[in-house]
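Read-outs: derived from the displayed coordinates by stated rules, not from any lab. Small disclaimer: the values here were computed from a predicted structure and weren't measured. Don't worry about glycine lacking a Cβ; one is built from the backbone with ideal geometry, like all the others, and counts go over all protein chains shown.
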């Protein structure tokens, strides 16, 4: 994996003032030391998933306004939202590994699938069923036509 940029900045470190160190690779931002800047992470998720902030809010079971505050690094996910964010992050990592092009995950998420009763995986994702999308991706990776 090729390294693209490293950022260490006090201005992007939220309320704590501790420096954040990020390593950008071809697959997105990875933690080096400390925590990742939330807005950059959310932008990566939305880009990979081909989602708007409104769709991200639906997938995470929160409001558009809350996601906008996260994108502005004004507030941070708590409890259930943090768990959903972890699930989405894991899903995006699997999608990045499963598809060879950056457009692949978004195309697959929007394509109708028999696995979802002729709905698209995105429809399941928007109803908060990250687990169902992950299971469909696992089946796809195993060579099962979904």
Percent of alpha-carbon pairs separated by more than 22 Å within segment 37-141: 25
Between residue 72 and residue 52, what is the label-to-label distance in nm when each label sits 7 Å out along the Cα-to-Cβ direction? 1.9
If you count, for each residue, the other Cβ atoms within 10 Å and average over each peptide, how do 68-75, 121-128 line up from highest to lowest? 121-128, 68-75
